[in-house]
Structures are given as structure tokens and as C-alpha cells.
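Report on the following structure.
The values are calculated or read from the model by the stated rules, or taken from the named source; none is laboratory data. It should be emphasised that the depicted structure is a prediction, and the values quoted were computed from it without experimental measurement. Don't worry about glycine lacking a Cβ; one is built from the backbone with ideal geometry, like all the others, and counts go over all protein chains shown. These area figures cover heavy atoms from the full protein model, side chains too; ligands, DNA and RNA do not enter into them. Shrake-Rupley method; radii C 1.70, N 1.55, O 1.52, S 1.80 Å.
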Amino acid sequence: MELRDWQKQLKDKVINAVKEGFLVALNSPTGSGKTLFSLLIGLNTKGRVIFVVRTHNEYFPVYRDVKKIDPSLKFSFVIGKPSACPFATKDVDTEDINCKYCEIKNAIEVKIDKSPFEKLKELKENAIKEGFCPYYSLLESAKEADIITITYPYFFIEKYLSLLDINLEEYFIVIDEAHNIDRVSEIEERTLSEFILSMAIKQSKSEEVRRILDRLIKELKTLTYQDEKYIKLDKVPELSDEELSLLVDEYEELRKEAIKSKSVSRIYLGSVIRFYATYSTGNFIPFSFSNKIVLKTLELNQYYNLLNDENLSILLMSGTLPPKEYLEKVLGISRKILYINVEKEVKKKVTGSYQCKIAIDVTSKYDLRSEAMWKKYSSYLLKIYYQARNHVLAVFPSYQIMEKVMSYVNVNKILENEGTRIDDVIKIVKESRQKYIIAGVGRGKITEGVEITDNDRSLISDVVLVGVPYPPEDDYMKLLSKKISEKLGGKEKEYLIMIPALITVKQAIGRSIRNINDTALVWLLDKRYDSLWWKKNLNCFNSTKIRL
């Protein structure tokens, strides 16, 4: 197998660093071959690899590259109960599935002889008639594999990691899309909303439980705000121990009925119970966000303890990896780090290219937002759509702005929402003979780690940044900034606002560059991009300034 030039140049350097106990941070653009490179490093150092990814969609590239390296290698993957259980729908929470009452808890040995999703489909189709559980079978089979792929919870969250029952020191650990690990705490966040409570009322059989939930809705409405930013709350709707006990009893009955009837969908009462269980720990703070209450924590370092374990061989990698100082100061990584920016190291481009255009007559700046501005943005999008040679990805700072702008855009379009399935988006785009505007939000489902390709070439020719996706400087951001201000040395805005926005933009651009031969147009629709900082960090010094 022929390696690319950069892989040949850096392979020994990374292997030596791993053997010397460094945590290696690899910043290499999308489409440059990071996955293959990291697998080779792992096999050369430890012989076994745990590949940690953000979503199940990212399992396939690992499987594909393992087969390129050596088809005889044992590949396995771990997938959560909601996706693996043959009786469950995908929106179900793991804890809604009560395996105690299931008649097919047996585990069998699984050999992964086809792509992960194809294999999962096969397992689920055979599970009921053959009497085995896909979830436990995959969990057991992973212990014997040379390469295991898992999602973030199975590495960063102790209760899930313990299910693997393996010795991490025996593996080389690759953490892919590592620009996302600053959001690991969101896995344990809990939400209480009118929708969740209303659905729980519909599912509950107890009149008393329905009365309690109805009261919670009324209290929720008095506490929350419509704003798409985190506003600190002093309290949450009250629930006594006796009332919580009633909810738990009802929930257990619903769980038992669901598994016995072989039809397990999301049990919303469980979401309510887990919200209050998390709140009772005292480690989470309630915030209002878009008429919902969200529990968030400021204790972020607890999620990164394993990264500081010098007995573990770890590679962090991303096409948009934050700088070394960010890893140390924001994430609290204290062990020695070898940070490699591949293109700077080898002094040449290792993937496709893009050309920037900066619009200097629009902005998403809060005090300049208006219907006139949204209409102007829509005019830009239409102009870009009609000149684009292929599909257009439009990325917005928030759902609210996306909905306002896209309401004026009447062409083929796909709008991201809470129910969006990436598989469906890819299918529509691939099968269509017409161009689409694919609209999503920064660091959402569509703009992170998604490959919309044909024959390894991106089907997205134009990426449009509709405004600058700065994180809102809300109550949560202020509290976090205050907590880690000593580490940041007066650079709070750069570390907590500018760098996250830069990562969002680079990730969006990365959807159009999936191959060394890909080229794209990047439209930066906000006059704030016309600055030295943005041009330097996006490598857009030769950008063209435009006006409508």
C-alpha cells in the first residue's frame, strides 16, 4: 500500500513520540488521509486500536481503511442500545430499554464481514429468529478485535466506558474529530421542555402522574425565555420526593410493558426523571434556552482525566484541531504534547483547495439584525445557488437566523432540524438531478464529520457562511470564562469565542474538500471576515471582496 508523502515523512516521528509517552495532536485537513495514517501508527505501536468518533456515521471510513491495510484484521464496533435493539426506535433513550425482561439477551460471536451499518442491519434482522441480542453480541465481540470503533460516550463517560470491560493500556487510542471534545460535557446535559412534559402526559396512564406533569409545564412557562442563548435560572419547577417516586413507579411499568410487547419507543417520563436526578447531584446549573431548561456543568476537566493518563497512548486528530495552548488551558491537558500541523510540517498542501469571497455589505451582528438584512442574505444565497456547479452548503449561526433567511429562498432546499437524519440528506442529494441548498447550523448535524460524496469527490461545490458563528456571550459563557480565567491569561475572547467560531467555519469548509482534487468556493457573508485575523486563520489573503 503506497503512502502519501506527508504520511511517509511523519510516520516515524509520531511513532517515536508515542513510544516516549507524548500525547500526539495531529492537525491535518479533511481528505488528507488521517484515518489511514492513525491506524498504521496504532498497529505499529500497540498492535491494537480503539478508534473514538463522534457519531456512528464515522464508523465506515475506519472500516474501509482497515480493509485497505489488511483484510485479515479483526474489526469491530460498539453501538448503543437504541440503535442495536431490534425492538427499539432510534429516538429511545438507552435507559428506556429494560433488558431484564427481554427474552433474547444472549450474546453470540460476531464477525464483521461487511460495512458497520450493513452488518448491524443483518444482526437486527436475524436477532429475533435466532434468539440473540445485537447490542451484547457486539459488546462481547469487541474484546477480541484488533480495531474497535466507539463513540465519545464509551471513552469519556465512565458508566459507558466500564461496559467495554477492556484494559485501555493495551490499545492505541485515536480520538477523531477532536475539535469536538470541548463539548463532551453536553452528553450528560439534561433538558426539560414543554414538549417532553406533554409527551410524557400522553404516555402516562396514571391520573396523578399526569396532574404532576401538567403542573410542571405551568411552572416551566413562568421560568423560561425564548432567547437562543443560555440564561441562568435560580430554580427549576419543584418536584417533591413523593411525586418523583410516583413518576419512577409509572416509568418502570412503562419500561416493562414496552420490552414485553417488543415495541420500545422513547419513554418521555424517563427524560423527566433523569433531568431531576442530574439536577439533584448539584454539579449542574439550570439555564433557560429557547423556552427549555437545560442543565449544564462548569466542571469540564472531569471528562478529560484519561487524556492526562501517561500510561495511555493517545492521538487527538482533526482537520480543525484547536491550537496546543487551547488544549492545555481550556481542556486542562497537562501531559507533554507533540502538536503537529501537517501542512506546516511538510511545507505544502496535502488536500484540495478553496477560494474565498468576502461580502462586505452584510452582517449577522446582533444590533444590525433586521428583516431587510435577512432578505439581503437570501438574495446572496439565490445568486450563489444559480451560479454553483453543484450543491450549496449554507451554514448559519442559529436555527432562528436560518429559518428567517431561508423563508425567502424558494429553490430546492433541505433545512436541518432536530429530526434530521444524515442518511436521508445524503440519499436526497445523491439521487437528485437538481442542485440543492443544504442549510444547517454551525457545529450541527450537517456541518460536522459528514461526507456527501460520489467516487470520493465532494458533491458540495460552494460553502456559504451566513454571518459569523460566534458562540453567544451568554450567562453560561460568562460563568465558564470566570471559572477558567486564570488559565486563559486575559485571552478569554480568543479562546472561548474566536477559536470556536474559527473551528465551526473550517468544519463547514471541510464538507466541500473530501479529496486532494476537490476545489470549492467559500462565501464569507459578513463584513467582519474582512480582518487580518480571519484572513490569516482561514488562509484567505487572496480573497475577493464582493457586494450585492
(request) Taking a cut-off of 16 Å between Cα atoms, list the lysines near Lys232, but don't count ones fewer than 8 places away on the same chain. (result) Lys221, Lys292, Lys296, Lys478, Lys482, Lys483
(request) Give, as ranges by residue number, the residues of the stretch 412-438 whose backbone N falls under 16 Å from the point 7 Å along Cα→Cβ of Leu382. (result) 412-413, 437
(request) Convert each backbone phi in the stretch 406-418 into a coupling constant with the Karplus relation 6.51 cos²θ - 1.76 cosθ + 1.60 (shift: θ = phi - 60°), then list the ³J(HN,Hα) values in order as whole Hz, x for Gly and Pro. (result) 5, 5, 9, 9, 9, 9, 4, 8, 10, 10, 5, 8, 4
(message) If you average 1/r across every pair of different Cα atoms in the stretch 192-291 and take the reciprocal, what Kirkwood value do you get, in Å?
(response) 14.3
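When DSSP assigns beta bridges and you keep just the ones with both residues in the chain, what percent turn out antiparallel, to the nearest 5?
In the chain, approximately 20 percent of DSSP beta bridges are antiparallel ones.
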(request) Within the set of other residues whose C-beta is less than 11 Å from the C-beta of Ser485, count the net charge using Lys and Arg as +1 and Asp and Glu as -1. (result) +4
(request) Between beta-carbons, use under 11 Å as the cut-off and find the net charge around Asp475, counting Lys and Arg +1, Asp and Glu -1. (result) +2
(request) Evaluate the charge dipole of the stretch 31-168 about its Cα centre and quote only its size in Debye, nearest 20, assuming +1 on the Cβ of each Lys and Arg and -1 on the Cβ of each Asp and Glu. (result) 360
(message) Under the 0.36 nm per residue contour assumption, what length would be gained going from the current alpha-carbon distance of Asp424 and Lys482 to full extension?
(response) 16.7 nm
(message) With +1 assigned to the C-beta of every Lys and Arg and -1 to the C-beta of every Asp and Glu, and no other charges, what is the dipole magnitude of the chain about the Cα centre in debye, to the nearest 20?
(response) 2220
(message) Show me the three semi-axes of the equivalent ellipsoid for the stretch 176-238, from the C-alpha gyration tensor (sqrt of 5 times each eigenvalue), largest first, rounded to whole Å.
(response) 29, 17, 9
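Provide the FRET efficiency to the nearest 0.05 for the Thr222-Glu140 pair, computing r from the beta carbons and using R0 = 45 Å.
0.35
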(message) Cut-off 19 Å, label point 7 angstrom out along Cα-to-Cβ of Lys100: give me the residues of the stretch 133-147 whose amide nitrogen falls inside.
(response) 136
(request) State in Å² the accessible area per residue of the stretch 68-119; use a 1.4 Å probe, count heavy atoms of protein chains only, and round to the nearest integer. (result) 51
(request) Find the accessible area per residue for the stretch 493-548; the probe is 1.4 Å, ligands and nucleic acids are left out, and the unit is Å². (result) 42
(message) Could you tell me which residue out of Ile50, Pro323, Ile201 lies farthest along the dipole of the chain toward its positive end? Charges go on the beta carbon: Lys and Arg +1, Asp and Glu -1, centred on the Cα centre.
(response) Pro323
(request) Any chance you could check the Cα centroid distance between the stretch 18-37 and the stretch 113-174 for me, in angstrom? (result) 24
(message) At 0.36 nm per residue, and after removing the present C-alpha to C-alpha distance, how many nm does the segment from Phe60 to Ser432 gain when stretched out fully?
(response) 131.6 nm
(request) Kindly write out, for the stretch 377-384 in residue order, the coupling ³J(HN,Hα) from the Karplus curve 6.51 cos²θ - 1.76 cosθ + 1.60 (θ = phi - 60°), rounded to whole Hz, with x marking Gly and Pro. (result) 4, 5, 5, 4, 4, 5, 4, 5
(request) At 1.4 Å probe size, with every protein chain present, just tell me what the per residue accessible area of the stretch 187-266 comes to in Å². (result) 58
(request) Between Ser115 and Glu242, take the C-beta separation as r, use R0 = 56 Å, and let me know the FRET efficiency to the nearest 0.05. (result) 0.65
(message) Taking 26 Å as the cut-off for C-alpha to C-alpha distance, list the pairs among Lys493/Lys536; Lys34/Lys124; Lys357/Lys404; Lys105/Lys159 that go past it.
(response) Lys34/Lys124
(request) Please list, in chain and number order, the residues 5+ apart from Leu338 or on another chain whose amide H is under 5 Å from its amide H, with Hs placed from the backbone. (result) Leu23, Val24, Ala25
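How about the stretch 88-132: which GluC sites (Glu not before Pro) there lie in a loop by DSSP and see at most 16 other Cβ atoms within 10 Å?
Within the stretch 88-132, the qualifying GluC sites (Glu not before Pro) (loop, at most 16 other Cβ atoms within 10 Å) are Glu103, Glu109.
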(message) Quick check: pseudo-label points 7 Å beyond the Cα along Cα→Cβ at Thr191 and Asp367, how many nm apart are they?
(response) 3.2
(request) Name all residues of the stretch 1-24 having a backbone nitrogen under 13 Å from the label point set 7 Å from the Cα of Lys324 along its Cα→Cβ direction, giving them as ranges. (result) 22-24
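Roughly speaking, to the nearest percent, how much of the chain's 1.4 Å accessible area is carbon and sulfur?
Carbon with sulfur: 46 percent of the solvent-accessible area.
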